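Report on one structure; see the data block that follows.
None of the figures in this text is laboratory data; all of them are computed from the coordinates on show. All values derive from a computational prediction rather than experimental measurement. Here Cβ is always computed from backbone atoms with ideal geometry, including for glycine, and neighbour counts include all displayed protein chains.
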Amino acid sequence: MSLQIPNRSKANGSHAATKAVILVGGPSRGTRFRPLSLDLPKPLFEVAGHPIVWHCLTAIAKVPHIQEVCMIGYYDESVFRDFIKDASNEFPQIKIVYLREYQALGTAGGLYHFRDAILKGRPERFFVLNADVCCSFPLNDMLKLFEDRDAEAVILGTRVSEDAASNFGCIVSDAHTRRVLHYVEKPESHISNLINCGVYLFATECIFPSIRSAIKKRTERPRLVSYPSSENLESSFFQDDDDEEKKNEVLRLEQDILSDLADSKQFFVYETKDFWRQIKTAGSAVPANALYLQKAWQTGSKELAKPSSNILPPVFIHPTAHVDPSAKLGPNVSIGPRAVVGAGVRIKESIVLEDAEIKHDACVLYSIIGWSSRVGAWARVEGTPTPVNSHTTSIIKNGIKVQSITILGKECGVGDEVRVQNCVCLPFKELKRDVANEVIM
Amino acid sequence: MKEDSPHSRRWLRHSSTPSRTLSPVHDPRMRARRYSTLTLPKPLVEFGNKRMILHQIEALAEAGVTDIVLAVNYRPEVMEKYLAEYEERFNVKITFSIETEPLGTAGPLKLAEEILGKDDAPFFVLNSDVICDYPFADLAAFHKAHGDEGTIIVTKVEEPSKYGVVVHKPNHASRIDRFVEKPVEFVGNRINAGIYILNPSVLKRIDLRPTSIEQETFPAICADGQLHSFDLEGFWMDVGQPKDFLSGTCLYLSSLTKKGSKLLTPPNTPYVHGGNVLIDPSAKIGKNCRIGPNVTIGPDVIVGDGVRLQRCVLLSGSKVKDHAWVKSTIVGWNSTIGKWARLENVSVLGDDVTIGDEIYVNGGSILPHKSIKVNVDVPSIIM
C-alpha cells in the first residue's frame, strides 16, 4: 500500500482536497427497517421528500471543494444507479461513485478495502457519514475544528440522556481542548453522555495505518467483544452480526478503531447542539421526517407547502400528489408522489408514500402509509407520540413492547371506519377490523 | 331476586291505580351514577329525545291513570318544575313519597298506602329504568278478567339463566307457580319485566320495613295462587346501565320505524345511513355526514361537516365537530367532541365535557366538566 502524504495547507484549508464517504450498508442490514425495507433499500427511503442518503449528500455539497463522494455498501450496483444519476444532475460539482462490497466488511473494513479508490486524487482528509443518521451534519464546523487543532480525526458527538447513553458509543473528552480521551462502544456502565453520531472526519495519513494496525492486532490476539446492553441485545449482537463477526475481515470503526485513535492520535470531538437521531427501525423514519422538515422550514426551503389554515407547517407535498383543500395536514407531514388525500382528511406527524390513497374524513397520526396503500373513509390510523428526546421507537403498552409508530407496508388496505393503532402491517394486508398493538403478518 | 335481576336493581318505580302511581329512586349506585356521569336524575334523562319519566307518564295518562306517586329517597328539586308541567299537560296529580331509610322494593308501596289503598281499584307499579311499549290498558283489562290479586308483566329473554324466571302452574297459561332465580336448567324463558298491576289487598301483605317485592311479596301471593303473568309484546329493556341505554335506544328507534313514526328522519335523507335516526328539529347537521343506524340527536345539537355517527345518543346542546367519528357513545348535555375525534365502545360523556381534536376515547366514562386532551385507550373512568 502506498500512502501519499499531501501537502497540508492549514491557512484556510481551501486547497486541501477533501472527499466524503457515505456508508450505505446492505440488504442484510436494515432488517429493523422492515417492513419498509422489504421494497426499497433503506438509504433510498424518502423522508421530508428526499431519500435518506440525499440528506447526507446535500450536507456534503455544502463543504467547499468536495469533488467526490464514495458510497460504500453491499447492495447490487443497480440499486443506486437512478439515484446517482439524479443526484449527479442536482449536484453537478460532485462526482458520485458507488463502491460495492461483495461481502460485508464492516465500516472500517469497507474503507480499507476501497482505500485506493478513496485515495485517488490524493485527498488529505475525508468525511465518513453513516447513511442511517439523521442530523444537520455540521461538516464545515467539524472541518474547522479539524484545521484549528491540526487534528488527525474528528468525531461528531451529541449529548443524550444518561440512561440512553449506554446504547451508543460513548466519548470521554477534555472539556477545554475537546480532545477525545476515551471511547467505548455501548458500555455496560455509565461512562459519558456524549455519544458518537456516526459522522467522522479522518486524515488519510492517520486512518488507513490505524485500520491496518487493527487488522494486524486482530490476527495476533482475539478481539475483545464489547457487551451489548440488554436494550440492544438483539440488534447489536445476535441479529445481524454473528456470522459477520466470525469473518476475520470484518472491522468496524466503532468497535475496532476509535478506541485506539483516542489513545494515540490527535482525535477531537465536535459536539453538535442541533438535532440528531438514528434511523434504525422503520418507525424512526417519522422523527427523521419531522426533523428534516423542520430544518427545511427553518432554512426557508421553497419545497414545502405554503402554510394556511389547513396546512400547519412544515408539510411537504410532492407536486404530483393530490390533496383536497379541505384536508388538514401537519405539522411534520410528507406526502409522496401521486398520493391522493381526500376531503376532510387529517394527517399529522406522518409519511404518506407514493401512490397511497387516504379517503375522505380519515385520520392519520404518527404513522407511515406504505406505497399504494389505501386508507378508507373515516378510518383512523394512529401511532403514539414519543417524547421529543426519545431515541427509541418502541413503547410499553399493557406490559408489552409495541412500536410507537403505526406502519402500513406496501399495498395495504384499511377498511372504511377501521381503526389501526400501534401496529406494524406487512405488505399486501387488508385490515377490515379494528386492530391495536400487533404486528400483522 | 337480588342485584342481578333487572328490576330490583334500579328503582324509579311508579305505581298507579286507574288513579295512582309510585316511583322510587333509591339505589345508591344509581345516585352515584347520576351524580357522576350524567348530572340529571335519571328519570329526567332523555331517552329517544323524551325524558324517561315522560314516556311513562304519557302511557299512564293514556290508560286513564290520574294519580302518580314517585317513590324516592330524596327530593330532587330539579324534577319538580318538569313534574308541574306534566301534571298540567296530562291532567294528573304527581306526589312524592320520600323514604327516610331504604325500604327495599316493596316497602315504598306500604309507605304510600294512603294513596294507593284509598279505594278498591288496582294500581300499577313500574321500575323507572324499564322502557317498552307500556301496555297499561291491556294489562288492566287482563288483570280485571282473571280477578286475582296481582299481575306482573313478563318478557321473553334469550338467556334466562341470567335472570329470575317465571314458572307457571301446570296446565295454566298465566297463573304463576314460582320464580327460579338464575336457573341452571331450562325452566322457562319469561322473566319479570318490572311492571305490575296489583290490588290494594297486596298492601296488607307488606310490612313497613326494608323488604323485597320479588323475594317476599310475590312468593307469598304465588303461594295463594293469586299471581298471574302477562306477556309483553314488542321490545323491553332495563336501561339503567349505559350499555343497555344504548341497546334500549336501538330497540325503541326500531319500534318507531316499525310503526312508521313521523318522528324519525326519513331514511331517504342523504345523510341517513341505515335508518333508525331520530333528530330534533332544532339540531343542525353539517355537510357530507353519514348518520345511522340507531342515532338520537337532541335539541340544539350541532353536528359539523363530514361527521360519522352510529349507535349513539347526542343529548341536548352537545356539539360534534367536523370529521369526528362517534359510535356506541352517550354524549352528555352541552359536551363538545373535537374534530377527527373518535369515540366508541360505550363511552359516556357527562355534562359539559370537552373531547379535544383528534382524541380517541375507548369506553371512557368522563365525568362532567372534564376536558380530555390525551387518548383514553382502554375503558376507564376519567374523574
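A few comments on the model shown:
- Longest to shortest principal axis, alpha-carbon extents of the range B:13-238, angstrom: 50, 39, 34
- By the Cα gyration tensor, chain A has an equivalent ellipsoid whose semi-axes, rounded to whole angstrom, run 39, 24, 20 from largest to smallest.
- Rounded to the nearest 20 debye, the dipole magnitude of the protein assembly as shown is 1420 debye, with +1 charges on Lys and Arg beta carbons, -1 on Asp and Glu beta carbons, and the Cα centre as origin.
- Put simply, the amide H of B:I279, placed in the peptide plane, has neighbours under 5 Å in B:T265, B:I297, leaving out anything fewer than 5 places away on its chain.
- Zero-based 10 Å bins, Cα pair distances in the range A:303-440, whole percents: 14, 47, 31, 8, 0
- For the protein assembly as shown: rounded, prolate or oblate by the Cα gyration tensor [a/c cutoff 1.5]: prolate
- Ratio Rg/Rh [Cα only; Rh per Kirkwood] for the range A:333-398: 1.02
- Average partner coverage of A:417-425, which counts Cβ from other chains inside 10 Å: 2
- Local electrostatic count, B:P170, Cβ distance below 14 Å [Lys/Arg +1, Asp/Glu -1]: +2
- Leading residue at positive end of dipole, the range A:243-324 (Cβ point charges), from A:Q278, A:L291, A:A262: A:L291
- For the range B:268-285, 3J(HN,Hα) computed residue by residue from phi via the Karplus equation (6.51, -1.76, 1.60; θ = phi - 60°) reads 8, 4, x, 7, 6, 10, x, x, 6, 10, 10, 10, 5, x, 7, 6, 10, 10 Hz, glycine and proline entered as x.
- On Cα atoms only, tilt of B:136-146 relative to the major axis of chain B in degrees: 20
- Beta bridges assigned by DSSP with both partners in chain A are antiparallel in approximately 30 percent of cases.
- For the protein assembly as shown, adding -39500 (n - 2.57) for each run of n ≥ 4 DSSP H residues and dividing by the number of residues yields -6000 deg cm²/dmol at 222 nm.
- Estimated Rh, the range B:264-382: Kirkwood, alpha-carbon pairs, angstrom: 13.5
- Taking 0.36 nm per residue of separation and subtracting the Cα-Cα distance, full extension of the segment from B:S254 to B:K50 would add 71.9 nm.
- Positive-end ranking of A:S88, A:L23, A:V199 along the dipole of the protein assembly as shown, with charges on Cβ about the Cα centre, is headed by A:S88.
- By DSSP, the beta bridges lying fully in the protein assembly as shown are antiparallel in about 35 percent of cases.
- Of all DSSP-defined beta bridges confined to chain B, some 35% are antiparallel rather than parallel.
- Computed from the alpha carbon atoms alone, the convex hull of chain B holds 132 Å³ per residue.
- Spin-label proximity, A:N140 to the range A:24-56 - amide N less than 18 Å from point 7 Å beyond Cα toward beta carbon: A:55-56
- Of the chymotrypsin sites (Phe, Trp or Tyr not before Pro) in the range A:49-126, those whose Cβ has at most 12 other Cβ within 10 Å and which sit in DSSP loop: A:Y102
- In this structure the amide hydrogen of B:L70, modeled in the peptide plane, comes within under 5 Å of the amide hydrogens of B:S23, B:T95, B:F96, B:S97, none closer than 5 places in sequence on its chain.
- Alpha-carbon centroid distance for the pair the range A:80-95 / the range A:320-383, whole angstrom: 30
- Computed over the alpha-carbon pairs of the range A:18-278, the distance histogram in 10 Å steps reads 7, 31, 40, 20, 2 percent, short to long.
- Amide H to amide H distances under 5 Å link B:D322 with B:G304, B:D305, where only residues 5 or more positions off or on other chains count and H is placed in the peptide plane.
- Summing charges over neighbours of B:P270, with a neighbour being any other residue whose Cβ is under 12 Å away from its Cβ, gives +2 when K and R count +1 and D and E count -1.
- Applying the Karplus relation 6.51 cos²θ - 1.76 cosθ + 1.60 with θ = phi - 60° to the range B:44-55 yields 3J(HN,Hα) values of 8, 5, 6, 10, x, 6, 9, 4, 3, 5, 6, 3 Hz, where x marks Gly and Pro.
- Along the range B:301-307 the Karplus relation, 6.51 cos²θ - 1.76 cosθ + 1.60 evaluated at θ = phi - 60°, assigns HN-Hα couplings of 6, 10, 10, x, 7, x, 8 Hz to successive residues, with x for each Gly and Pro.
- Among the trypsin sites (Lys or Arg not before Pro) within the range B:108-148, those in coil by DSSP and having at most 16 neighbouring Cβ atoms inside 10 Å are B:K118.
- Per residue of peptide B:127-135, the mean number of Cβ atoms on other chains within 10 Å of the residue Cβ is 0.
- Only the Cβ atoms of Lys and Arg (+1) and of Asp and Glu (-1) were treated as charged; on that basis the dipole of chain A about its Cα centre amounts to roughly 540 debye.
- Separation of alpha-carbon centers, the range B:292-347 and the range A:384-441, rounded to whole Å: 26
- Rounded to 10°, Cα long-axis angle of helix A:139-148 versus longest principal axis of chain A: 20
- For the range B:151-296, the Kirkwood radius over C-alpha pairs fed into Stokes-Einstein at 4 °C and 1.567 mPa s yields D = 72 µm² per second.
- Dipole magnitude of chain B, debye to nearest 20 (Cβ charges: Lys/Arg +1, Asp/Glu -1, about Cα centre): 960
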